[in-house]
1. May I ask you to list the residues in the range 169-190 that are buried (at least 18 other Cβ atoms within 10 Å of the Cβ) and in contact (Cβ under 8 Å) with a residue 60 or more places away in the chain?
2. All but one of (1) open to solvent by less than 20 Å² (accessible area, probe 1.4 Å); (2) assigned to a helix (DSSP H, G or I) hold for I93; which doesn't?
3. Which pairs turn up if I take residues in the range 1-29 that are under 18 Å from A49 (Cβ atoms) and look for partners that are of a type in the set (K, R) and within 16 Å of the ligand (Cβ to nearest atom) with beta carbon separation below 8 Å, at least 6 apart in sequence or on another chain?
4. With the checklist (1) of a type in the set (D, E); (2) more than 28 Å from G104 (Cα to Cα); (3) touching a Leu at 6+ places or on another chain (Cβ under 8 Å) in hand, flag the one item E158 doesn't pass.
5. Looking only at residues in the range 205-223 that are within 15 Å of the ligand (Cβ to nearest atom) and either more than 15 Å from P5 (Cβ to Cβ) or out of contact with any helix residue (DSSP H, G or I) (no Cβ under 7 Å at 6 or more places or on another chain) (or both), which one is most open to solvent (accessible area, probe 1.4 Å)?
6. Pull out all pairs, ordered by first then second residue, where Cβ-Cβ is under 7 Å, the residues are six or more apart or on different chains, the first lies in the range 109-135 and is buried (at least 20 other Cβ atoms within 10 Å of the Cβ), and the second is aromatic (F, W, Y) and modelled with pLDDT of 95 or more.
7. Within the range 155-169, is there a residue that is modelled with pLDDT of 95 or more, of a type in the set (V, I, T) and not in a loop (DSSP other than H, G, I, E, B)?
Amino acid sequence: MSRRPLIAGNWKMHLTLDEAVQLAKAVATASAGCSDRDIMIAPAFTALAAVVAAVKETHILVAAQNVSWENQGAYTGEISPVMLKDLGINSVIIGHSERRHIFGENDAMINRRLRAALDADILPILCIGETLEEREAGATLTVLESQLRGGLEQVRKEQAARVVLAYEPVWAIGTGKTASKEQAQEVHAFLRQFLEGLYEKNIAETVRILYGGSVKPDNIDELMAQPDIDGVLVGGAALKAESFKRIICFR
Ligand code: PEP
């Protein structure tokens, strides 16, 4: 089964409005000839509307970096699925390690966000990943299994096929330390097998699994050559048009 590659850039809490629009336009230009892959950028909430407008005539997907599980109400600081749809946003990052570890989001919250996104027909990218401590204790697969079970609770088979997973070892995010291609492939293959047990083979083979953690121009090709790596979620290297361009144009 061939899965369409997805290259996603997470801009985190970076870039002013003008900078975001400029970078979005540069990404659109850089990806002009690449119709065989999905390219996604995730600006901060403040730049979403302007970036959607800037890439309107292109095939670039624009994602939010989080979403509420409620559509409206007294939830200060939250942004709802309805609000995202209103801006023309059809994808969202959920459960990023910074949300989990800095802001205390747990699997139950992440699961509610994920189900709200699916109900609103917004494509969710569910991030999971172990800390260095957990890896060194030999608990990587147990941790991932539990994050996956928790994140996908009550998600039906038909909905699961629309989820994108991102395996992002916490120790590799923003640290310059990338998981080796072998380490990443081993985990991705495990996740696919786990999905098969949770749902069925067809779902496991449909779901795209991205790798994230210090992806750079010099490691993108070897990562994308792995059979179970269907794309990447990129932080730092997505903030510069030149480096993101090289990542988009992986060979
Ligand atoms: C991320 O933010 O999801 C990420 C992987 O960051 P970086 O590429 O900078 O490690």
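1. Matches in the range 169-190: V170, I173.
2. (2)
3. From the range 1-29, the pairs are V27/K245.
4. Result: E158 fails condition (3) only.
5. So the residue we want is D218.
6. Qualifying pairs under 7 Å: R113/W69; A116/W69; I128/Y167; G129/Y167.
7. yes
Okay, residues lined up against (1) more than 16 Å from the ligand (Cβ to nearest atom); (2) in a loop (DSSP other than H, G, I, E, B); (3) not acidic (D, E):
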| residue | (1), (2), (3) |
| --- | --- |
| G9 | no, no, yes |
| G33 | yes, yes, yes |
| A49 | yes, no, yes |
| V82 | yes, no, yes |
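The values are calculated or read from the model by the stated rules, or taken from the named source; none is laboratory data. The structure presented is a predicted model; accordingly, all values stated were derived computationally and were not measured. Neighbour counts are summed over all protein chains in view; Cβ atoms, including those assigned to glycine, are modelled from backbone coordinates with ideal geometry. Side chains are part of the model used for accessible areas, which takes the heavy atoms of the whole protein and leaves out ligands, DNA and RNA. Shrake-Rupley method; radii C 1.70, N 1.55, O 1.52, S 1.80 Å.
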